[in-house]
There are 2 protein chains.
Amino acid sequence: MSYQLELRHIHYFLAVAEDLHFRKAAERLYISQPGLSRQIKQMEEDLGILLFERHNRKVELTKAGTYLKRELSIYVKQLDDTFNHAHLLHQGKKGQLKLGYVGSAMQQIIPNLLLQSKKENPDIVFNLKEMDNQKQIDGLLNFDVDLGFVRLERVPNNIEIKPVLKDTFCLVLPKNHPIDTLNFKKLSQFKDDSFILFDPEYSKSYYEKVIQIFEDAGFTPSVSHLTIHSSSIYKLVENNFGISIVPKSLTLDTKEKVKFIELDMIKQRTDLSIVWNKMNRNPILTDVLNLVKHLKI
Amino acid sequence: MSYQLELRHIHYFLAVAEDLHFRKAAERLYISQPGLSRQIKQMEEDLGILLFERHNRKVELTKAGTYLKRELSIYVKQLDDTFNHAHLLHQGKKGQLKLGYVGSAMQQIIPNLLLQSKKENPDIVFNLKEMDNQKQIDGLLNFDVDLGFVRLERVPNNIEIKPVLKDTFCLVLPKNHPIDTLNFKKLSQFKDDSFILFDPEYSKSYYEKVIQIFEDAGFTPSVSHLTIHSSSIYKLVENNFGISIVPKSLTLDTKEKVKFIELDMIKQRTDLSIVWNKMNRNPILTDVLNLVKHLKI
DNA sequence: CTAATTGATAACTCATAGGTATTAATACTT
DNA sequence: AAGTATTAATACCTATGAGTTATCAATTAG
């Protein structure tokens, strides 16, 4: 089972598989087209597998070629990660973890995690990037992200999910709004207000959950603004453009002039969950997963 | 992030990492020692990572080298699997699945699985091997096995486990034994019999569970024989060397002259479980997992 | 019917993987 | 202490094959 095959062949194959065009791929690889053709042919002979179907004027992947494109592109990425990790070990670091997170996780859980991790393991390099839920899932699937913090209910098959923070919702009202904690009875008191909500594009399932809150209260809200930043929501509410509803963890540390009413009587909760890819071989991931699971919020 | 590095370097590195001896590794690789030394050096320069510490008369792996040995040997194996799978696709097959199983799974669940799978997907190649529990776990960890059938309670972290068959226990008695289904009352009736049991080396947790059955009945059995084959047990029981206790699924289709008493009143059950490695990228595995989970026994 | 575009083929060249011979450094032996 | 054995590294050589240029064959577009 020992091939003559080299990483070079794999890189060349992936280039052709992406472009489906020998000349273009050759240009991109800075080699000549005949050289590329020969290497691909050699790879096919080595493996005993036809990778491309050469038609008159177009190149197509075979079944086996399609499979190999998918697998090998992951393979080279993982190999790259492995060498990067080895590089960090060489420098005396313990490793690196690429974190993705929705903004609201930055309020508490991420800073806590970083502090505690720095304490227990100062040699872990963290790589933080704020991303929406879907971007994180994509990132996990192709190993650009090791660990994500999302507000999602369902995730693809290979992704693991575990809630770390169960959150109630809070109404966000301008300071001068007639209703406050004292005279608040039920949600339908707000059926004539217009609402500022998080953009469903950011998280469809989160948006649907919020809408369900209003459905349960017997009315459909008029939504006047959609945004993806809580600070924008607060600014808009403060200036009487409408009212809003947000996870409780987002109500901390606002300097805006708004007031909050916690809705602990409704059944909806929004989970902040950690997500990761089962296939991820980053040894740091296991450590940090344990840390997060035992993190006291 | 594009290296000059080739698979050749990785293979050479693994050889040296295993032998910790350049000359021996070179011999094994059928190349000269200086050639090998140079390739390793080139790899170290390429990666910017020192892989080995060359001491006076011995070679040692660095931290990064140790990590790379572990990871890269898995990569090489996965790459090999990937090409094998592609090869099967090329031949019009759907893929291959390497199954490990304890003997008792062959009684029912494995034949069922194979039959149903052949029906739904005639192009899957199955690769069967009877192995003890621990061998299967080892095989899963280094990807020699895709799916195992074990009698275990606990498995390592990266291994997933799911029970597929809950089994009661049965006493195995010689035909001429004074006790039978009619006059059997409780287990302690057998406290003076000597027992033939499955060797604890085969599965420690299974053995302990069986011993617990007797502890619960208030006595410690005298164990006269240990074996790993149910047929040996039946032969020995038939010839009055003692009595035994086995999972119910093993009582089928015996031509031996023994009788069985089902122990459905005791609390112990033995689970036959499927086990697999989370990191396994064999696309067939997902299909077969679904099949097994919905298999009617 | 010509021009353009595709991948494959042929013949050449030069970079380098791997070879031989040797050195340097150290560790056993006596 | 001197001699022998064992290790990996160094220096230099060579021959395989990756990559080149030029060209072909087959097709399509205008």
When you look at residue B:77, is it in a helix (DSSP H, G or I) and within 15 Å of DNA strand D (Cβ to nearest atom), yes or no?
-> no
If we only count strands (runs of 3 or more DSSP E) wholly inside segment A:181-297, which ones have 2 or more residues that are within 21 Å of residue A:108 (Cβ to Cβ) and open to solvent by 10 Å² or more (accessible area, probe 1.4 Å)?
-> A:258-262, A:270-277
Which condition breaks for residue A:99 when tested against (1) open to solvent by 10 Å² or more (accessible area, probe 1.4 Å); (2) outside any helix (DSSP H, G or I); (3) more than 13 Å from DNA strand C (Cβ to nearest atom)?
-> (1)
Note on segment A:32-58: residues more than 34 Å from the chain's Cα centre (by Cα), aliphatic (A, V, I, L, M) and closer than 23 Å to residue B:92 by Cβ are A:40, A:43, A:47, A:49, A:50
Failed criterion for residue B:33 (all others in (1) closer than 24 Å to residue A:82 by Cα; (2) polar (S, T, N, Q); (3) more than 14 Å from chain A (Cβ to nearest Cβ) hold) = (1)
Please list, ordered by first then second residue, the pairs with beta carbon atoms under 9 Å, 6 or more apart or interchain, first in segment B:50-76 and closer than 17 Å to residue B:279 by Cβ, second among the small types (Gly, Ala, Ser) and away from DNA strand D (no atom under 16 Å from the Cβ).
-> B:67/A:86; B:71/A:86
Looking at B:210, B:292, B:237, B:223, which one is more than 18 Å from residue B:173 (Cα to Cα) and more than 14 Å from chain A (Cβ to nearest Cβ)?
-> B:292
Name every residue in segment A:9-31 that is over 22 Å from residue B:89 (Cβ atoms), open to solvent by 70 Å² or more (accessible area, probe 1.4 Å) and either touching a helix residue (DSSP H, G or I) at 6+ places or on another chain (Cβ under 7 Å) or more than 12 Å from DNA strand C (Cβ to nearest atom) (or both), in order of residue number.
-> A:23, A:28, A:30
Among the residues of segment B:126-135, is there at least one that is within 14 Å of chain A (Cβ to nearest Cβ), in contact (Cβ under 8 Å) with a residue 24 or more places away in the chain and in contact with a Leu (Cβ under 8 Å, 6 or more places away or on another chain)?
-> no
Subset tally (residues that are within 10 Å of DNA strand D (Cβ to nearest atom) and surrounded by fewer than 12 Cβ atoms within 10 Å (Cβ to Cβ)) for segment A:39-71 = 4
Would you be able to say whether some residue in segment A:59-71 is within 10 Å of chain B (Cβ to nearest Cβ), in contact with a Phe, Trp or Tyr (Cβ under 7 Å, 6 or more places away or on another chain), within 16 Å of DNA strand C (Cβ to nearest atom) and closer than 26 Å to residue B:74 by Cβ?
-> yes
Is it true that some residue in segment B:276-287 is more than 14 Å from chain A (Cβ to nearest Cβ) and not hydroxyl-bearing (Ser, Thr, Tyr)?
-> no
Taking segment B:9-24 and keeping only residues that are farther than 17 Å from residue B:72 by Cα and part of a helix (DSSP H, G or I), one is left with B:22, B:23, B:24
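The values are calculated or read from the model by the stated rules, or taken from the named source; none is laboratory data. Since the structure is predicted, the reported quantities are computational estimates derived from the model, not experimental observations. Ideal geometry is used to build each Cβ from the backbone, glycine not excepted, and the neighbour counts take in all protein chains shown. Areas reflect the complete protein model, heavy atoms only, side chains present, ligands, DNA and RNA absent. Shrake-Rupley method; radii C 1.70, N 1.55, O 1.52, S 1.80 Å.
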